[in-house]
Each structure stands twice: as structure tokens, then as C-alpha cells.
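Peer 1: Supplied in C-alpha cells, the structure appears directly below.
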Amino acid sequence: MARIRLDCVRKTFRERRRGEVAAVAGVSLEVAEGEYLAVLGPSGSGKTTLLRLIAGLDRPSAGRVFIDDRDCTEEPPEAREVGLVFQGGALFPHLDVFENLALPLRLRRTPRAELERRVDEMSAWLGLDRLQRRRPGELSGGERQRVALGRALIRHPSVLLLDEPLAALDGPMRRQLRRDLLGLHRQLRLTVIHVTHDQGEAFGLGQRLAVLREGELQQVGPPRELYERPANVFVARFLGNMPMNLIPGRLCLEEGSTVFAAGDGGPGTLSLRLPEEIARRLGGPGRGAVTLGARPEDLELAEAVETTTLPGVRAEVEEWEETAGGEVWVHLRLGVHRLVARVGSGLDLKAGDGMLVRLPLGRVHWFDGETGKTLRGQALGGTTR
Ligand code: ADP
Ligand code: MG
């Protein structure tokens with residue numbers, strides 16, 4: 001097992017059209033011994049570059065890379081005990097499974113007897129023993145990916161870096177390989193960094209999750225924590241089956257109370273009177289621009305005729321979609337705003353129908369309207385800046 005530490009790591013490329021591009025723009029990150037870290041980010045956010053920097057295939061433009069407190073920034077890949085599974089597996093098509101697995105050992109001039117023993121051991125372990133003489137073209141996607149894993153593990157690294165290892169696989173194979181990865185991590189006590197653009201994968205595998213955007217780390221923490229307390233609007237929108245509803249607006253003073261007024265406060269915009277405690281936490285009417293965030297599952301929908309003592313606002317059903325799991329996503333128009341709410345099946349929906357939407361204020365997220373950063377930290381501290 002090994003610990004990894006990145007200290008302000010940066011990697012820039014010179015591109016003909018865009019000029020200097022920071023693929024990784026100053027990332028500091030620690031991965032504990034034996035941890036399974038998932039790195040989630042959209043395509044082009046710097047995930048592959050980050051792994052290449054840790055593996056030593058790229059040299060950072062600035063910053064340092066540490067493995068177990070050893071500064072290995074200048075070390076070549078062979079000197080680091082790191083196994084990398086490339087995006088797409090990157091097997092040699094003209095070599096059979098045996099030779100693909102044996103390659104890292106051949107490059108290190110491992111004696112023949114030991115090489116054969118290790119390849120046999122790894123093939124058996126990954127269920128590839130009867131496929132040793134096949135070439136990658138004669139394997140299923142899942143088998144190919146297991147060969148790529150075997151090649152990364154054959155030198156018994158203490159760190160395993162995975163670049164979108166499940167991306168090319170279909171449903172059942174994905175699930176199988178996912179279980180295999182969890183098993184590998186447990187049995188070999190590896191430190192794993194798994195990058196992906198798929199949040200299902202990241203949530204299912206990562207003990208912690210790091211969200212990357214345009215080369216910058218947005219937030220790192222247990223998946224649940226990121227989902228429940230996103231650090232900014234990017235993380236808030238990026239995580240979840242359906243993005244969080246966001247309504248930009250400002251805090252104003254109306255008849256002695258703090259009110260959240262959406263948009264420019266014109267006709268058809270949402271206006272919410274805030275309880276004293278929340279108003280104070282947000283910094284009161286002086287704060288200016290804020291953005292209200294509400295997860296679709298936190299909106300409560302009721303038929304508008306229902307008599308209720310809870311405050312609600314009227315919205316109109318535009319359309320809805322039902323998932324295989326029996327969830328229904330209802331798209332609503334609330335004045336000039338559009339919102340999505342998640343409801344169980346069983347609600348009688350008709351396009352154009354009026355519904356009552358409730359926003360439980362305790363579950364609402366608040367973000368600074370300028371920076372997009374959460375106002376929670378401030379809320380917890382109880383101070384204003
Ligand atoms: P991801 O794996 O998240 O899709 P990458 O790390 O591959 O992202 O790329 C991040 C950014 O860096 C992209 O804008 C990409 O075009 C750029 N980039 C990556 N590698 C190179 C390279 N060798 N030369 C020039 N630009 C690169
Ligand atoms: Mg990539």
C-alpha cells in the first residue's frame with residue numbers, strides 16, 4: 001500500500017488554436033494508504049492527465065508528486081510502484097493474452113521461469129487461464145479489460161490507477177467488473193485512483209470522491225457528503241440523476257422581513273419570505289445576489305386543490321418522464337422559472353395542470369450569486385464576511 005500526495009500540481013500544454021491550456025491547473029490532493037478514490041469530471045476536465053502525472057508518464061509543469069513522502073516528481077515511471085490501466089485498455093492487438101500480460105516483466109528482463117509463473121498466477125487469478133493464447137480481438141470487452149488489469153498488476157504495484165475502466169462495457173459486464181475491482185482493492189490492499197465521467201461508477205466504488213472541472217479540484221469528500229453539501233453550483237448540478245434546480249435571485253427587505261426574490265423580481269418570479277434564522281445565516285438583505293438550489297427529490301408536489309397549512313407556490317405541469325425504477329420526473333413551470341421535481345408514481349398528472357410546489361426551506365441550498373460558492377460554511381460559522 002502507498003500514500004499519494006499531490007502538491008499544487010500543474011500541467012500545461014501548448015495548443016495551436018487555444019494557446020497555453022492548463023489541463024491540470026494546480027491540484028493539491030492526498031490519497032490515503034489503501035483508499036479507493038474516485039475522480040469524477042466531465043470529458044476534458046484533466047482526468048487522464050492527472051493519472052499520467054502520478055504514473056510518471058508526464059512531467060508536471062509545476063508542483064510536486066509524492067508517493068509515501070518520497071518526492072518522485074523527477075522519477076521515471078519504472079521507478080514508481082504504480083500500475084496504470086489506460087483508457088480503452090490499450091492492449092497490443094498482435095500479442096496474445098500471455099504476451100500482453102508478460103510485457104511489463106519482459107521490459108524488466110524477468111527470468112523466464114519467474115515470468116511464466118507470474119503470468120500463470122495472474123491469468124488464473126483473473127479467470128483468464130484458458131484464454132492465454134487468444135489475441136485481444138478474440139476476447140469480449142470484459143475479458144480485454146481484465147487483461148489490461150492483469151498487465152497493470154503483474155509487477156505487484158501498491159498503487160493502481162484506472163482510467164475509465166468500465167466505459168467500454170455493457171450492463172452486466174460493467175457490474176461484474178465493478179465487483180471485481182472492489183474485490184481486487186480489498187484483497188490486494190491497493191491504493192486505487194479511479195477516474196471516470198460516470199457518477200454511478202464513482203458513487204458505487206469510491207470511498208471518497210474528487211470532482212474535477214477544467215483542471216481544478218472542486219470538492220473532495222465522501223460521496224454522500226458531496227451530494228448533500230455541494231461546495232458550489234458546479235458540484236450541485238453535476239451530481240445527481242437530474243441536476244439540482246437553481247434559481248438566481250437576491251435577498252431584499254420587505255415589510256421588515258428578508259425575502260428571497262428570484263431573478264429581477266419582476267412579474268411571475270418567485271418570492272419567498274425567509275424565516276429570521278435563515279435570513280440571518282445568509283447575511284440578511286445586505287448580501288445581494290444569491291442562488292437558491294433545490295434537489296428534485298426535495299420539492300414536494302401536491303394537487304393544488306388539497307387544503308394545506310404548509311406554504312406552497314402554484315406551478316404548472318409541462319411534461320414528465322418515468323424511469324424504469326418507477327420514479328417520475330415532473331417538469332414544471334413556475335411563473336418564469338422551470339423546475340424539475342421527483343415524485344413517486346401514483347400522482348395523477350396532466351399537462352397544463354396546476355400543482356402546489358413546496359420548498360422545504362431546511363433542505364434548500366444557498367449559493368453566493370457571484371462566485372457560485374455555497375453559503376453553508378458561513379451559515380455554520382454564523383458570521384458574515
Ligand atoms: P479527460 O481525461 O478528463 O477527458 P484530459 O486529461 O485528456 O481530460 O485533457 C484535459 C485537457 O488537456 C483537454 O483540454 C485536452 O485537450 C488537453 N490535453 C491533454 N493532453 C494533451 C496533449 N498531449 N497535448 C495538448 N493538449 C492536451
Ligand atoms: Mg480521459
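The values are calculated or read from the model by the stated rules, or taken from the named source; none is laboratory data. Everything numeric in this text was worked out from a predicted model, so none of it was measured. Every residue, glycine among them, receives a Cβ derived from its backbone with ideal geometry; neighbour counts consider all protein chains shown. Side chains are part of the model used for accessible areas, which takes the heavy atoms of the whole protein and leaves out ligands, DNA and RNA. Shrake-Rupley method; radii C 1.70, N 1.55, O 1.52, S 1.80 Å.
Peer 1: Net charge around V317, counting only other residues with Cβ within less than 9 Å of its Cβ (Lys, Arg = +1; Asp, Glu = -1)? Please list the in-between numbers first.
Peer 2: Details: positive: R333, K350; negative: E316, E318, E319, D353.
Surrounding charge for V317 is -2.
Peer 1: How do E78, E327 rank by accessible surface area computed with a 1.4 Å probe, from largest to smallest? Don't skip to the end; give the middle numbers.
Peer 2: Numbers: E78 105, E327 55 Å².
If we order E78, E327 from most to least accessible, we get E78, E327.
Peer 1: What does the charge count near T48 come to, summing +1 for each Lys or Arg and -1 for each Asp or Glu among other residues with Cβ under 13 Å from its Cβ?
Peer 2: On the way: positive: K11, K47, R52; negative: D58, D163, E164.
Counting the neighbours of T48, the net charge comes to 0.
Peer 1: What does the accessible area of E303 come to, in Å² to the nearest 10, when a probe of 1.4 Å is used?
Peer 2: Number for this one is 80 Å².
Peer 1: How many nm is it between the label spots at E276 and E319, if each spot is 7 Å from the Cα in line with the beta carbon?
Peer 2: Between E276 and E319, the simple spin-label model gives 4.7 nm.
Peer 1: Turning to a different aspect of this structure: Straight-line reach from K373: which lysines have Cα under 24 Å away, leaving out those fewer than 8 places along the same chain?
Peer 2: Qualifying lysines at Cα under 24 Å: K47.
Peer 1: What's the extension gain from D348 to R229 if we count 0.36 nm per residue and subtract their Cα-Cα distance?
Peer 2: Values: separation 119, 0.36 × 119 = 42.84 nm, distance 3.23 nm.
Fully extending the segment from D348 to R229 adds 39.6 nm.
Peer 1: What net charge is computed for the residues neighbouring D163, neighbours being all others with C-beta under 11 Å from the C-beta of D163, Lys and Arg scored +1, Asp and Glu -1?
Peer 2: Details: positive: K47, R52; negative: E164.
Result for the local shell: +1.
Peer 1: Between E254 and R338, what is 0.36 nm times their sequence separation minus the Cα-Cα distance? Round to one decimal in nm. Could you put the intermediate results ahead of the total?
Peer 2: Working: separation 84, 0.36 × 84 = 30.24 nm, distance 2.49 nm.
Residue separation times 0.36 nm, minus the Cα-Cα distance, leaves 27.8 nm.
Peer 1: Normalized C-alpha radius of gyration of the range 155-223, against 2.2 N^0.38 Å?
Peer 2: Details: Rg = 12.5 Å, N = 69, 2.2 N^0.38 = 11.0 Å.
Compactness ratio reported: 1.13.
Peer 1: Another question about this same structure. Sorted from largest down, give the three principal axis spans of the alpha carbons of the chain, whole angstrom values.
Peer 2: Projected onto its principal axes, the Cα set of the chain covers 84, 46, 41 Å.
Peer 1: A further question on this structure: With an 8 Å cut-off on Cα pairs and a minimum separation of 6 or more residues, tell me the relative contact order of the chain in percent. Intermediate results must be reported in sequence, preceding the final value.
Peer 2: Numbers: 780 pairs, mean separation 56.6, N = 385.
Relative contact order comes out at 15 percent.
Peer 1: Averaging sequence separations of C-alpha pairs under 8 Å and six or more residues apart, then dividing by the length of the range 222-356, give the relative contact order as a whole percent.
Peer 2: On the way: 227 pairs, mean separation 28.5, N = 135.
Normalised by residue count, the contact order of the range 222-356 is 21 percent.
Peer 1: Name the residue from T269, A294, P222 whose Cα lies farthest towards the positive end of the charge dipole of the chain, charges +1 on Cβ of Lys and Arg and -1 on Cβ of Asp and Glu.
Peer 2: Result: P222.
Peer 1: Output needed for the range 245-384: three equivalent-ellipsoid semi-axes, defined as square roots of 5 times the C-alpha gyration tensor eigenvalues, in descending order, whole Å.
Peer 2: On the way: eigenvalues 160, 51, 37 Å².
In descending order, the three semi-axes are 28, 16, 14 Å.
Peer 1: Once you put a point 7 Å from the Cα of D129 and another 7 Å from the Cα of R363, both along the Cβ direction, what distance in nm separates them?
Peer 2: Calculated label separation equals 5.2 nm.
Peer 1: Additional query: Would you mind checking the tilt of helix 112-125 against the longest principal axis of the Cα atoms of the chain, expressed as 0 to 90 degrees and rounded to 10?
Peer 2: 30 degrees
Peer 1: Quick one: accessible surface of F238, probe radius 1.4 Å, all protein chains present, in square angstrom to the nearest 10.
Peer 2: 50 Å²
Peer 1: If you line up the Cα atoms of the range 183-239 on their principal axes, what length do they span on each, largest first, in Å?
Peer 2: Computed over the range 183-239, the largest-to-smallest principal extents equal 38, 23, 16 Å.
Peer 1: Still on this structure, please answer the following. What's the extension gain from R109 to R189 if we count 0.36 nm per residue and subtract their Cα-Cα distance?
Peer 2: Values: separation 80, 0.36 × 80 = 28.80 nm, distance 2.67 nm.
Between R109 and R189, full extension yields an extra 26.1 nm.
Peer 1: Of G63, G88, M355, which is farthest on the positive side of the dipole of the chain, counting Cα position, with +1 on Lys and Arg Cβ, -1 on Asp and Glu Cβ, and the Cα centre as origin?
Peer 2: After comparing all options, I get G63.
Peer 1: Just the number, please: Stokes-Einstein D of the range 13-94 in µm²/s, Kirkwood Rh from C-alpha pairs, 25 °C, 0.890 mPa s. Could the numbers behind the result be given before it?
Peer 2: Values: Rh = 14.5 Å.
In µm²/s, the coefficient is 169.
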